[in-house]
Each structure stands twice: as structure tokens, then as C-alpha cells.
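Written below as C-alpha cells is the structure these notes are about.
The values are calculated or read from the model by the stated rules, or taken from the named source; none is laboratory data. Remember, it's a predicted structure, so these values are computed and weren't measured experimentally. Cβ: placed from backbone, ideal geometry, glycine included. Neighbour counts: every protein chain shown.
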Amino acid sequence: MPVPGKRQLYIKIIIEAIKFMRYRRFSYRYTGVFSGITSPSQSTVWEGQLQASFAYPQWQPAADLYETPTALIVKVEVAGMVEEDFEISLYENALVIQGVRPWESFEGEGLYHAVNIHYGAFRLEVPIQQRIERDRIQARYDRGFLYVILPKAEV
């Protein structure tokens, strides 16, 4: 029979672990999704893309984090989108940028020989170690880059 109060402590530990892990980025790597594919010569570009979509349900764009005396600036490489495609959220200790880059196919008949550009849902989590003035945050999209300017709060 469990000791009274032990369950509450266990639940509290789980809640604290969830809070700690909420904005941590986990990466998954799966191999052998399709057992029939044994060598690159047997797979097509599409099979490779399908396999990658199971292994990595969201891709993560490249980003730079730059700090000035008054702000943090996040520069994200996401060509082929418009400003309305982004969802930007600031939490206590993380900036989360997510969206979907739609697949663009060519008209007519043809065959892809390489597909190296990521499409579909993406998510980028940037840890923030400083207090930010939420009401002064700015974002702009210019020539394939999303810039998010996070003004530092006065201490």
C-alpha cells in the first residue's frame, strides 16, 4: 500500500520534469524505416524523402543569434516564404519560431535528380537567457531571412 503523500510528490516531480523539458530540442534518428531499401542505387529520391519525413517530422532552419548592447537579434534562413507563414512565440526562456514551407513542384513532366531543400513543417527553438521587453519585439522578412529583434529589458 502506498504511503500517503508519495503520489503527490511523484506527480510534482513529473510536472517539474515536463516544465524543464518543454522547450528543449530533441533530435531523433531512425534507421531502417524501410527494410527493402538496401543500397542507394535501389532507392529513388522520393523514397529517400519519404524515409526522411518519418525520421524527422519537422526540420530546423539554420539560424544565427547576435547580441548587441541593447538587443538580441535572431536571423533565420527560410527562403521561399512570406511573413504570414511564420508563428513567433516568446516564452520565459525560449523564442520559438515555427511555420510550414509549402512544396513547390514544377509544371509538366520531369524527374527530380536531387531534393535537398527542406519543405513542410519546421520549428526552431532559441534559448533566451535574458529578460526581454515583450512590447518592443520586432520581426521582418527580407530576401529569404527572417529577423527577430528582441530588445533587452532594463535591469
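Scanning segment 38-69 for residues that are at pLDDT 95 or above and farther than 26 Å from Gly144 by Cβ yields a single hit, Pro69.
For every residue, the table says whether it meets (1) under 25 Å from Gln58 (Cα atoms); (2) surrounded by 11 or more Cβ atoms within 10 Å (Cβ to Cβ); (3) touching a Gly at 6+ places or on another chain (Cβ under 7 Å).
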{"position": "Met81", "(1), (2), (3)": "yes, yes, yes"}
{"position": "Ala114", "(1), (2), (3)": "yes, no, no"}
{"position": "Tyr141", "(1), (2), (3)": "yes, yes, no"}
{"position": "Tyr147", "(1), (2), (3)": "yes, yes, no"}
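Filter segment 72-112 for residues that are assigned to a loop (DSSP other than H, G, I, E, B), touching a residue at least 40 places away in the same chain (Cβ under 8 Å) and not aromatic (Phe, Trp, Tyr) and give the result.
Of all residues in segment 72-112, those assigned to a loop (DSSP other than H, G, I, E, B) come to 78-82, 91-93, 102-112.
Then keep just the ones that are touching a residue at least 40 places away in the same chain (Cβ under 8 Å); that gives 78-82, 91, 93, 112.
Hits for segment 72-112 are Val78, Ala79, Gly80, Met81, Val82, Asn93.
Among the residues of segment 98-141, those identified as among the polar types (S, T, N, Q) and either at pLDDT 95 or above or under 23 Å from Ala79 (Cα atoms) (or both) are Gln98, Ser105, Asn116, Gln138.
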